[in-house]
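Notes to accompany the following structure.
The numbers here are math on the coordinates, done by the rules we state, and not lab data. A quick note: this is a predicted structure, and the numbers were derived from the prediction, not measured. Here the Cβ is made from the backbone with ideal geometry for all residues, glycine too, and neighbour counts use every protein chain on show.
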Amino acid sequence: MTAPTAEGVRVVPYGVDALLADLPDLAAVRALDDALRVDPPPGAVDVVPAARTVLVRFATPGEARAAVDAMVESAGVAVAAARTRTRPALPARTRTRPALPARTRTPPALPARTRTPPTPSSCPCATTAPTSRRSPGRRV
């Protein structure tokens, strides 16, 4: 296990065949991940970046133990590079909303509903006489 360096980097064993680099921020993680993918340490099988850590798995435990110093150095360089790297200034968003057109037209008024009672000639019940209970459908 290594003590944290001046850059805030700590490299610790992760099992018998891996090393875990603990870094101060995401920019350092991205810089170390890029550096390890371009020039991996001898025996490195897998590089797994996370939010504040980078896990490097090796083929054998001996290769993992031998790579501790190289990992600390690579992580320190990555942190320094991440701190000196400046982000490009993004242009300010100047989006304006178009003005909504003024409502010039009012919807037409609906006609008033009037209800007229049915007349005896228009009612279907006026043409037939009521039927009795005994004989349905028979006119009286």
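If you scan the stretch 54-74, which residues turn out to be β-branched (Val, Ile, Thr), closer than 14 Å to VAL11 by Cβ and not in a strand (DSSP E or B)? Step through it out loud before you land on a result.
So the first thing to find is which residues in the stretch 54-74 are β-branched (Val, Ile, Thr), and the list is 54, 56, 60, 68, 72.
Okay, now just the ones that are also closer than 14 Å to VAL11 by Cβ, so 54, 56, 68, 72.
Matches in the stretch 54-74: VAL68, VAL72.
Looking at the stretch 14-35, can you tell me whether even one residue there is without any contact (Cβ under 8 Å) to a residue 12 or more places away in the chain, touching a strand residue (DSSP E or B) at 6+ places or on another chain (Cβ under 7 Å) and not hydroxyl-bearing (Ser, Thr, Tyr)?
no
Table: residues versus (1) in contact with a Phe, Trp or Tyr (Cβ under 9 Å, 6 or more places away or on another chain); (2) of a type in the set (Lys, Arg).
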site	(1), (2)
ASP33	no, no
PRO40	no, no
ALA44	yes, no
ARG52	no, yes
PHE58	no, no
GLU63	no, no
VAL68	no, no
SER74	no, no
ALA82	no, no
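Those residues that are closer than 21 Å to ARG85 by Cα and among the β-branched types (Val, Ile, Thr), I need them from the stretch 4-56; list them, please.
Hits for the stretch 4-56 are THR5, VAL9, VAL29, VAL38, THR53, VAL54.
Filter the stretch 43-67 down to the residues that are within 18 Å of ALA28 (Cα to Cα) and touching a residue at least 24 places away in the same chain (Cβ under 8 Å), then identify the one that is farthest from the chain's Cα centre (by Cα).
Only one residue fits best here, namely VAL56.
Restricting the stretch 1-53 to residues that are of a type outside the set (A, V, I, L, M, F, W, C) and part of a helix (DSSP H, G or I), which is surrounded by the most Cβ atoms within 10 Å (Cβ to Cβ)? Step through it out loud before you land on a result.
Looking only at the stretch 1-53, we keep the residues that are of a type outside the set (A, V, I, L, M, F, W, C), and these are 2, 4-5, 7-8, 10, 13-15, 17, 22, 24-25, 30, 33-34, 37, 39-43, 46, 49, 52-53.
Subset that is part of a helix (DSSP H, G or I): 30, 33-34, 37.
Details: ARG30: 16, ASP33: 19, ASP34: 15, ARG37: 11.
Ranking the qualifying residues of the stretch 1-53, first place goes to ASP33.
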